[in-house]
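Report on the following structure.
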Amino acid sequence: MGKRSVIPFGPQHPVLPEPIHLDLVVEDERVIEAIPSIGFIHRGLEGLVKKKDYNTMTYIVERTCGICSFQHGMGYCETIEHIMDVEVPDRAKLLRTIWAELNRMHSHLLWLGLLADAFGFENLFYQCWRIREKVLDLHELTAGARLIFSVNTIGGVKRDIDEDKQRTILETLSEVEKELKVIEKTFFYDYTVESRLKGVGILSKEKVHELGCVGPFARASGLAVDLRKLEYAGYSKIDFEPITSNDCDSYARCYVRLKELYQSIDIIRQAIAKLPADKTLSTPVKGNPNGEFIMRVEQPRGEAFYYAKANGTPYLDRIRVRTPTFANIAGLCEMLKNTELADVGLLVLTIDPCISCTER
Amino acid sequence: MAILQFATQALKNLFLPPVTTSYPASEIKYPEGSRGHVEIDIDNCISCGMCVRSCPSNALAVDRANATWSIDRFDCVACGFCVDKCPKKCLKMVVGYQTPEFEKSVATYKKSEEQLKKEAEAKAAAAAKAAEIAKQKAEAAAKAKAEE
Amino acid sequence: MDETVELKTNDKVRQLSKIEEIPASDLLERCLELKREGLRFSQACAAYYEDKFHLTYTFSNYETLEALSLRVVISPEEEIHSITEFIPAALFYENEMKEIFGVKIKLITNDLDNKLYRINVEAPLGVPQEEKKEEENNG
């Protein structure tokens, strides 16, 4: 046994701009144990529920995360809709699906860029973000903002995607698809990428199950858990299969996310084709919610969990948002055991951490 | 496994024009309906305070006595909920983002003098009318009493 | 378009999430049972309302995506046993409950000792401070 020492990692670290702190117990260059601590920027959004009414909370919950914001808003709205038994119009459901998938695309492209950056492939990093910019432009065109959409309301959505915009979306998506083919080749076959990702950070299927990991992180270890199969929003009309890989390493995580980009494009196409002619966007909501409900939504990073308890007043008793990163931190710490110190930065990135969103 | 997978694209990139816009030298076009910032048509405002109550970030304030509406543009998250809630539809989201500044500041909008005058006149007229009606009623009642 | 199924208010989501109320003493047994059935631990959370802590432990099934929540209602003074011994995933959730709500959980395998969240306030969403003070005054 070599000499053990503790190396602090974060909360400010070049590999990711997010405040996670890990105490890495290392023996020579090998990590023996990683002890995480988060909460450097805890915002107490869940506590705000006592001061803001349930309609305003939509906009607060949405701001839990800057990257997967739409899905947070959607998850919250669906939770309250279930409590109040509101039927959302079909068009709104499919619009939510379209936005959710656009959000997923932008998030995965962001992640791919950051991954390329983490293993030092700057050029690829910029290429990914250039593609992402097109998706962001679609966000602004359809929802009015590049990152935080604020189009969800309880009972439906606030904006429509008219035919012109649908055409723009489809055109942009085919461009994006073409450009993805270029970076796909690099991510899948390039020597530098493979040597950096293959066999790094293996987390077995059993461990993933035991530690309750979610999202692409779990799917890369062969667990086909995709909450979109729950058929919330408009997913019941969409035909798709979860993408999995059995390699369990960083390369598999990259593979799953890249393939999901194509899947998202496909889902958006299906959803646009199925948009009903009826232009009703929302159901008017009256009264206050009373009851409780548990809702799960598949975010770009995995299963997000919403629990709301209402008491018949405009102020909810409790709103709980369990972000996917929170579930994956346990997996991360397990994965870091017995890896090289030099890989830590990359491995922290492969769970697609969104620490700021974990700090509700 | 192969090497130089990215070389063709990298070479291509050398000859492509820049993807970014050289802001602020060249102008940016925001798509229609972009949520930039909130603007108010203050003369239509009735100082009801619905926007203040709905604001998730407590960026708004309404002073009924002085007939002002103020917004801390650096607190505003541009969600557009106040626009939905406004009963007079005098708020709207317009394109153009908040520019960076050195200090946080509150922008206050006050109703124009003419509007205040007009409102005061309207109020006076309404009061006069109410008084008139009351007078008439009283007269009618007196008449009825007298007839009895 | 024509043959697509009518979307009802997300029937599937509603059918698949169940809440089961159990007494605090049965928690460990029920959790172990669910674990043996092959369910995955999804999350645990606490809520403080009506002067009680309402703890929710959710387990979910991979194939059917079913979510079964165990609800335990305890008073703020009551201590509850940790489930981390056989469900390591619960570690962060239990630490969170402890730090944010002040739920008394005993025997957590790796008690992070109020270090998971670096916040100044003790139990910000737990029993409101005024009540605590009153209790102290009364006691």
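Bear in mind that the values in this text are calculations on the coordinates, not laboratory data. No experiment lies behind these values; they were computed from the predicted model shown. A quick note on method: Cβ atoms are made from the backbone with ideal geometry, for glycine too, and the neighbour counts reach across all protein chains shown.
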Handout entry: Unpaired by the 4.7 Å Cβ criterion, cysteines found in chain B
Key = B:CYS45, B:CYS48, B:CYS55, B:CYS76, B:CYS79, B:CYS86, B:CYS90
Practice task
Would you list, by chain and number, the aspartates and glutamates whose Cα falls below 14 Å from the Cα of B:LYS29, excluding same-chain residues fewer than 8 positions away?
Solution key: A:ASP137, A:GLU140
Problem - Cα-based convex hull volume of region A:57-114 per residue, rounded to whole Å³ - result: 66 Å³
Problem - Sparse-neighbour loop sites [trypsin sites (Lys or Arg not before Pro); region A:1-43; at most 15 other C-beta within 10 Å; DSSP] - result: A:LYS3, A:ARG43
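Can you give the average number of partner chain beta-carbon atoms within 10 Å of each beta-carbon in peptide A:227-235, as a whole number? Present the calculation step by step, with values, prior to reporting the outcome.
Numbers: counts 4, 1, 3, 8, 8, 3, 3, 1, 3.
Across A:227-235, the average partner-chain Cβ count within 10 Å equals 4.
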Fill in the blank from the handout: Expressed in nanometres to one decimal, the distance between label points 7 Å along Cα→Cβ at C:SER25 and B:LYS104 is 5.3 nm
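If each DSSP helix of 4+ residues adds -39,500 (n - 2.57) and the sum is divided by the residues in chain A, what number results at 222 nm, nearest 500 deg cm²/dmol?
Numbers: 12 runs with 171 residues, N = 360.
Rounded to the nearest 500, the figure is -15500 deg cm²/dmol.
Among C:GLU20, C:GLU99, C:GLU85, what is the fewest-to-most ranking by other Cβ atoms within 10 Å?
Working: C:GLU20 11, C:GLU99 25, C:GLU85 14.
The order, fewest Cβ neighbours first, is C:GLU20, C:GLU85, C:GLU99.
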Exercise for the section: Straight distance only, please: which lysines reach the Cα of B:LYS118 with their own Cα at less than 18 Å, same-chain residues fewer than 8 apart left out? Expected result: B:LYS88, B:LYS110, B:LYS129
Handout entry: Computed magnitude of the charge dipole of the protein assembly as shown (debye, nearest 20; Cβ of K, R +1, Cβ of D, E -1)
Key = 1380 debye
Practice task
Give me the distance between the Cα centres of region B:101-148 and region A:249-300, rounded to whole Å.
Solution key: 52 Å
Handout entry: Sparsely packed trypsin sites (Lys or Arg not before Pro) within region A:147-228, loop by DSSP, other Cβ within 10 Å at most 15
Key = A:LYS198
Practice task
Give me a single rounded figure for A:332-338: the average over its residues of other chain Cβ atoms within 10 Å of their Cβ.
Solution key: 1
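Of the listed peptides B:89-100, B:20-31, what is their order by residue-averaged count of other C-beta atoms within 10 Å, with the highest listed first?
Details: B:89-100: 13.5, B:20-31: 9.1.
Ranked by mean Cβ neighbours within 10 Å, highest first: B:89-100, B:20-31.
Taking a 22 Å limit on the Cα-Cα distance, which of the listed pairs A:LYS3/A:LYS337; A:LYS259/C:LYS35; A:LYS229/A:LYS259 fall beyond it?
On the way: A:LYS3/A:LYS337 16 Å; A:LYS259/C:LYS35 32 Å; A:LYS229/A:LYS259 17 Å.
Pairs exceeding the cut-off: A:LYS259/C:LYS35.
Sort A:MET74, B:MET50 so that the residue with the fewest other Cβ atoms within 10 Å of its own Cβ comes first and the one with the most comes last. The partial results should precede the final answer.
Details: A:MET74 30, B:MET50 18.
Lowest count first: B:MET50, A:MET74.
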Problem - Cβ neighbours within 10 Å from other chains - mean over A:302-314 - result: 2
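FRET efficiency for C:LYS52 and B:LYS29, Cβ-Cβ distance as r, R0 = 60 Å, nearest 0.05?
On the way: r = 56 Å, r/R0 = 0.93.
So, using R0 = 60 Å, E works out to roughly 0.60.
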Handout entry: Furthest towards positive pole of dipole, A:ALA100, A:ASN311, A:LEU141, structure part chain A, Cβ charges
Key = A:ASN311
Practice task
Run through all the Cα pairs of the protein assembly as shown and give the fraction in each 10 Å bin from 0, expressed as whole percent.
Solution key: 3, 14, 24, 25, 18, 9, 4, 2, 1, 1, 0, 0
Practice task
Hey, can you grab everything whose amide H is under 5 Å from the amide H of B:ASP75? Only 5+ residues off in sequence or another chain; H modelled, so Pro and N-termini drop out.
Solution key: none
Exercise for the section: Please list the radius of gyration and Dmax for chain A, considering alpha-carbon atoms only, with Å as the unit. Expected result: 20.5, 70
Handout entry: Spacing of the two label points (7 Å from each Cα toward its C-beta) at C:VAL73 and A:GLN12, in nm
Key = 4.9 nm
Exercise for the section: Could you point to the residue in A:VAL15, B:ALA134, A:CYS213 farthest towards the positive end of the protein assembly as shown's charge dipole, with +1 and -1 charges on the Cβ of Lys/Arg and Asp/Glu respectively? Expected result: B:ALA134
Problem - Lys, Arg +1 and Asp, Glu -1 on Cβ, resulting dipole of region B:1-90 about Cα centre, debye, nearest 20 - result: 240 debye
Handout entry: Neighbour-count ranking [beta-carbon atoms within 10 angstrom, fewest first] of C:HIS81, A:HIS139, A:HIS106
Key = C:HIS81, A:HIS139, A:HIS106
Exercise for the section: State the dimensionless ratio Rg/Rh of region A:170-296 (Rg: radius of gyration of Cα atoms; Rh: Kirkwood radius). Expected result: 1.08
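In debye, nearest 20: dipole of region A:227-272 around its Cα centre with unit charges on the Cβ of K, R (+) and D, E (-)?
Details: 7 positive and 7 negative charges, 31 e Å.
For this selection, approximately 140 debye.
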